[in-house]
Amino acid sequence: MTKDNPYLHLNESARELIDGTDEERIFAIREGSWLGYKDAKRILARMEELLTYPRITRMPNMLLVAPSFNGKTSILQRFLSLHPPDMDPEGEVTICPVVMVEAPPKPDISDFYTRILDVLMTPYKSTASVHEKYSQIKRLFRQMDVRMLIVDEIHHLIAGSLNRQSEFRNALKSLGNETGICIVAAGIEDAYNAFNTDPQMSSRFTPEELSLWKANNEFGSLLATLELRMPLKQSSNLKAPEMMLAIHTRSEGTLGDVCDLVKELAVDAIRSKSERIAFERIGALRWVPPSKRKQYKRL
């Protein structure tokens, strides 16, 4: 810290917020921003390769598996934001390289096709048959030059009977085969069960995993990055071993919970006027760890 720059522990964006009101700073903290950590960059790089892959008879696909709230959907949304539709009003057809949908809560093919049509913002008959929706999707994918379909929450597939699961997997295979797109399916660990019962699916989808975080140097770097973005007037030194271990233990290593815990600790530091995250507050903050939420009862 120097007289010329008293906030060396912050990045430029956080320094611009430091003189704002408490509520402005709290809003910015809770809003968050993209975290480009190593595994996220690895997954994004692989998705970029798939997006530019030449159209061949058997297109490569990806199965992204991660524990709940561990950054999976954020990575997918980040990739989607990097490849938005070309909304040129002078163009004859909107170009949409990436389409992302959430799998229906059970393996319902008609619902799945409806979700794709809704994302493409195209009208369709409410009474349209499954075959009519499928034909419309194939036509639109060709017209809009869709190259990748992202299906999040693919583990919903196991909510149906074995026959329905098989039908849904076959529909997914046919869509990829007939349109020449790459498919990125994503879900929690149950996604393996959804795919491994079909040898063709397991061979077509290369798995990529996002594991829980360990209390190591990479985790310390993550905390240091978070601290750079938190507009607090004092340094908290979150990467110090005792701070890092305390945050890891309380959050249980899930990325989303790590971020949420650090955010709420920063909010607590602003409201208490301490302007730094203190070691004793990590354990004392009113915040329920992931493993306790199922047992948590309102008093």
How about the range 180-190: which of its residues are open to solvent by less than 40 Å² (accessible area, probe 1.4 Å), touching a strand residue (DSSP E or B) at 6+ places or on another chain (Cβ under 8 Å) and outside any strand (DSSP E or B)?
Ile181
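Yes/no matrix, rows are residues, columns are (1) in contact with a helix residue (DSSP H, G or I) (Cβ under 9 Å, 6 or more places away or on another chain); (2) among the basic types (Lys, Arg); (3) within 23 Å of Ala66 (Cα to Cα):
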residue	(1), (2), (3)
Lys214	yes, yes, yes
Arg229	yes, yes, no
Gln234	yes, no, no
His248	yes, no, yes
Thr254	yes, no, yes
Pro289	yes, no, yes
Among the numbered criteria (1) closer than 19 Å to Lys173 by Cα; (2) part of a helix (DSSP H, G or I), which single criterion is violated by Arg78?
(1)
(1) at pLDDT 95 or above; (2) among the hydrophobic types (A, V, I, L, M, F, W, C); (3) over 17 Å from Leu212 (Cα atoms) all hold for Val262 apart from (3)
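Scan the range 166-175 and tell me whether some residue there is among the small types (Gly, Ala, Ser), within 28 Å of Thr122 (Cβ to Cβ) and either loosely packed, with under 14 Cβ neighbours inside 10 Å or in contact with a strand residue (DSSP E or B) (Cβ under 7 Å, 6 or more places away or on another chain) (or both). Break it down stepwise before answering.
Step one: filter the range 166-175 for residues among the small types (Gly, Ala, Ser), giving 166, 171, 174.
Subsequent filtering for residues that are within 28 Å of Thr122 (Cβ to Cβ) retains 171, 174.
Filter once more, keeping what is either loosely packed, with under 14 Cβ neighbours inside 10 Å or in contact with a strand residue (DSSP E or B) (Cβ under 7 Å, 6 or more places away or on another chain) (or both): 174.
Scanning the range 166-175 turns up at least one residue that is among the small types (Gly, Ala, Ser), within 28 Å of Thr122 (Cβ to Cβ) and either loosely packed, with under 14 Cβ neighbours inside 10 Å or in contact with a strand residue (DSSP E or B) (Cβ under 7 Å, 6 or more places away or on another chain) (or both).
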Looking at the range 251-273, is at least one residue open to solvent by 40 Å² or more (accessible area, probe 1.4 Å), among the hydroxyl-bearing types (Ser, Thr, Tyr), over 30 Å from Ser166 (Cβ atoms) and free of Cβ contacts under 8 Å to residues at least 12 places away in the same chain?
yes
Quick one: count up the residues across the range 114-144 that are open to solvent by less than 50 Å² (accessible area, probe 1.4 Å), in a helix (DSSP H, G or I), within 23 Å of Pro84 (Cβ to Cβ) and not charged (D, E, K, R).
7
Pairs returned, first residue in the range 81-110 that is within 21 Å of Gly180 (Cα to Cα), second residue that is of a type in the set (S, T, N, Q) and open to solvent by 80 Å² or more (accessible area, probe 1.4 Å), beta-carbon separation under 6 angstrom, 6 or more apart or interchain, are Val93/Gln143
Hits in the range 212-245 - residues which are within 24 Å of the chain's Cα centre (by Cα) and without any contact (Cβ under 8 Å) to a residue 12 or more places away in the chain
Asn216, Asn217
Say whether the condition of being buried (at least 16 other Cβ atoms within 10 Å of the Cβ), at pLDDT 95 or above and either under 27 Å from Arg30 (Cα atoms) or among the charged types (D, E, K, R) (or both) is met by at least one residue in the range 194-206.
no
With the condition kept exactly as written, say whether any residue in the range 49-69 is part of a strand (DSSP E or B) and over 14 Å from the mean Cα position of the chain (by Cα).
yes
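Collect the residues in the range 145-157 that are open to solvent by 10 Å² or more (accessible area, probe 1.4 Å) and in contact with a helix residue (DSSP H, G or I) (Cβ under 7 Å, 6 or more places away or on another chain), keeping them in residue-number order. It would help to see each step written out before you state the result.
Start the filter on the range 145-157 by keeping residues that are open to solvent by 10 Å² or more (accessible area, probe 1.4 Å), which leaves 145, 147, 153, 155-156.
Listed by number, the residues that qualify are Arg147, His155.
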So the check is Cβ under 8 Å with 6+ separation or different chains; which pairs have a first residue in the range 16-31 that's closer than 21 Å to Asn5 by Cα and modelled with pLDDT of 95 or more and a second one that's open to solvent by less than 30 Å² (accessible area, probe 1.4 Å) and among the charged types (D, E, K, R)?
Leu17/Arg25; Ile18/Arg25
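Being among the aliphatic types (A, V, I, L, M), open to solvent by less than 60 Å² (accessible area, probe 1.4 Å) and within 25 Å of Glu275 (Cβ to Cβ) is the filter here; which residues of the range 1-60 pass it? Don't jump to the end; show me each part of the working.
Looking only at the range 1-60, we keep the residues that are among the aliphatic types (A, V, I, L, M), and these are 1, 8, 10, 14, 17-18, 26, 28-29, 35, 40, 43-45, 47, 50-51, 56, 59.
This time we only want the ones that are open to solvent by less than 60 Å² (accessible area, probe 1.4 Å), so: 10, 14, 18, 26, 28-29, 35, 40, 43-45, 47, 50-51, 59.
Listed by number, the residues that qualify are Leu10, Ala14, Ile18, Ile26, Ala28, Ile29, Leu35.
What residue, among those in the range 90-108 that are among the aliphatic types (A, V, I, L, M) and surrounded by fewer than 18 Cβ atoms within 10 Å (Cβ to Cβ), is nearest to Ser166 (Cα to Cα)? Give the steps one after another, and end with the answer.
The first filter runs over the range 90-108 and keeps only residues among the aliphatic types (A, V, I, L, M), leaving 93, 95, 98-101, 103.
Narrowing further to those that are surrounded by fewer than 18 Cβ atoms within 10 Å (Cβ to Cβ): 93, 95.
On the way: Val93: 34, Ile95: 32 Å.
My answer is Ile95.
Name the residue, out of Arg281, Arg293, Arg298, that is open to solvent by 10 Å² or more (accessible area, probe 1.4 Å), at pLDDT 95 or above and of a type in the set (Lys, Arg). Break it down into steps so the answer makes sense when it comes.
Numbers: Arg293 fails: at pLDDT 95 or above; Arg298 fails: at pLDDT 95 or above.
Answer to the selection: Arg281.
The values are calculated or read from the model by the stated rules, or taken from the named source; none is laboratory data. Quick caveat: nothing in here was measured; it's all calculated off a predicted structure. Don't worry about glycine lacking a Cβ; one is built from the backbone with ideal geometry, like all the others, and counts go over all protein chains shown. Each accessible area value is taken on the protein alone, full model and side chains, heavy atoms only, with ligands, DNA and RNA left out. Shrake-Rupley method; radii C 1.70, N 1.55, O 1.52, S 1.80 Å.
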